[in-house]
1. Determine the sum of side-chain charges near residue 132: Lys and Arg each +1, Asp and Glu each -1, restricted to other residues whose C-beta is under 11 angstrom from that of residue 132.
2. Give the aspartates and glutamates whose C-alpha is closer than 13 Å to that of residue 39, dropping any in the same chain fewer than 8 places away, or say none.
3. Considering the zone a paramagnetic label at residue 41 would reach in this model (a point 7 Å from Cα along the Cα-to-Cβ line), which residues of region 76-101 have amide N under 16 Å from it?
4. Which order results if 3, 93 are arranged by neighbouring Cβ count within 10 Å, fewest first?
5. Roughly how many whole Å is it from the C-alpha centroid of region 24-40 to that of region 77-139?
6. To the nearest 500 deg cm²/dmol, what mean residue ellipticity at 222 nm is calculated for the chain from DSSP H runs of n ≥ 4 alone, each contributing -39,500 (n - 2.57), summed and divided by the residues?
7. Only Cα pairs under 8 Å and at least 6 apart count here; give the relative contact order of the chain as a rounded whole percent.
8. Taking neighbour Cβ counts within 10 Å as the exposure measure, how do 16, 124, 26 sort from fewest upward?
Amino acid sequence: MKILILHGPNLNLLGTREPEVYGSMTLNDINEKMIALGKELGVEVVCQHSNHEGTLIDVLHDARTWAGGVVFNPGGYTHTSVALRDAISAIVIPVIEVHLSNVYAREEFRHVSFVSAVCKGKVTGFGWRSYELGLRGLVDIIKM
Ligand code: DQA
């Protein structure tokens, strides 16, 4: 089984972007960890990133043809995008929403998520480990 790890806008700058909020690991570091964890869990992890809303939608549509599920950090689009929410509810595979930071401990606009209600679950505030927890949870529910 294959799992998509999908990163949204500005996450390509991880490592240098507000490290006090997002930590010092780069996107590549996180991807490598998730690929290794995937091997441990018996799934193939494929990582993709885009800064563009339409591309993220295209990637989600495509994922329904090959992925068993998605671990998705929609970045700032979390708080704005009806179109991403519609894409998640349009695909049948489970999507886990993840955030490095605890969005509820930050500005009020980050407390609103357009995607949470159509995701299978959500992990927020554990730094890069949010991806790890999301991936473990996703694989567990798929194998159930
Ligand atoms: C984020 C939280 C969002 O509010 C923010 O816009 C991001 C990153 C996180 O991983 O903590 O870009 O999704």
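None of the figures in this text is laboratory data; all of them are computed from the coordinates on show. In this text, all values refer to a predicted model and were calculated from it rather than measured experimentally. Glycine also receives a Cβ, built like all others from the backbone with ideal geometry; neighbour counts cover every protein chain displayed.
1. Values: positive: 33, 129, 136; negative: 40.
Charge balance near residue 132 sits at +2.
2. 132
3. It comes to 93-100, nothing else.
4. Details: 3 26, 93 19.
With the fewest neighbours first, 3, 93 line up as 93, 3.
5. Comparing the Cα centres of region 24-40 and region 77-139, I get a distance of 18 Å.
6. Details: 5 runs with 54 residues, N = 144.
Per the formula, -11500 deg cm²/dmol.
7. Values: 263 pairs, mean separation 38.0, N = 144.
It comes to 26 percent, rounded to a whole number.
8. Working: 16 9, 124 22, 26 17.
Least crowded to most crowded, the residues run 16, 26, 124.
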